[in-house]
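Please read the structure below before turning to the comments.
The values are calculated or read from the model by the stated rules, or taken from the named source; none is laboratory data. All of these numbers come straight from a predicted model, not from anything done at the bench. Here Cβ is always computed from backbone atoms with ideal geometry, including for glycine, and neighbour counts include all displayed protein chains.
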Amino acid sequence: MLEKLKKSLEESPIIKKEDYNYFVHPVTDGIPLTQPGVLKEIAVAIKNNFSTEVDKIVCVEAMGIHLATALSLETDIPFVVIRKRSYGLPGEFAVHQTTGYSQGELYINGINSGDSVLLIDDVVSTGGTMISILKALKEMNVEIKEVVAVIEKGGGKKIVEKETGISLRSLIKVDILNGQVVARPIL
């Protein structure tokens, strides 16, 4: 299972940003080239292994959009994007996020109290974005049925679970060893 995702991750180029080894992959960066088969494999794996009995799929701009789109097409569940800019729509909810490398505001629209959701994002590494969003959704009285990070890197999963009390599941765990991506499917 997840052979296409695993292979594509292991073939990812690695760039050095100061002391940090950063892998470049279509799921996390939208480059070099996103293969439909990888997105389909991800969507099918989530549909078959996670609860998709939800009102809405929720993703975060920008790298969650293609994942939510693929999952929406696979499940016929509508999706909503948490955006990085305000639209000023009635009921808009602002969220301050702090990650290991940035901070800023996110804006939630189209999600209402009592909605049940599956939150999907590309990667969890530090947990900052997920923690902020999950706390906001709880404050909005949203039923969070599933939290999915396609890729797990570092200790972010444990941090998110400790800070929010919500289980976060992932499809594949990656490490960078000796200048190469090592990917281990979790499912």
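A few comments on the model shown:
- Within the range 1-28, tally of residues that are in a loop (DSSP other than H, G, I, E, B) and over 26 Å from Ser72 (Cβ atoms): 4
- Meets criteria (β-branched (Val, Ile, Thr), part of a loop (DSSP other than H, G, I, E, B) and in contact with a strand residue (DSSP E or B) (Cβ under 8 Å, 6 or more places away or on another chain)) for Ile31: no
- The number of residues in the range 148-185 that are among the acidic types (Asp, Glu) and more than 12 Å from Met130 (Cβ to Cβ) comes to 1.
- Those residues of the range 164-187 which are of a type in the set (D, E, K, R) and either buried (at least 20 other Cβ atoms within 10 Å of the Cβ) or over 15 Å from Leu119 (Cα atoms) (or both), in sequence order: Lys173, Asp175, Arg184
- Tallying residues that are assigned to a strand (DSSP E or B) and over 15 Å from the mean Cα position of the chain (by Cα) within the range 161-187 yields 9.
- Flag not set for Glu10, criterion: at pLDDT 95 or above, within 25 Å of Leu118 (Cβ to Cβ), of a type outside the set (Phe, Trp, Tyr) and out of contact with any Leu (no Cβ under 6 Å at 6 or more places or on another chain).
- Condition met for Glu105 (in contact with a strand residue (DSSP E or B) (Cβ under 7 Å, 6 or more places away or on another chain), at pLDDT 95 or above and exposed (fewer than 15 other Cβ atoms within 10 Å of the Cβ)): no
- Within the range 1-22, being touching a helix residue (DSSP H, G or I) at 6+ places or on another chain (Cβ under 7 Å) and in contact (Cβ under 8 Å) with a residue 40 or more places away in the chain holds for Met1, Leu2, Leu5.
- Counting only strands (runs of 3 or more DSSP E) that sit completely within the range 44-160, those holding 3 or more residues that are within 30 Å of Ile176 (Cβ to Cβ) and under 17 Å from the mean Cα position of the chain (by Cα) correspond to 56-60, 93-98, 116-124, 143-153.
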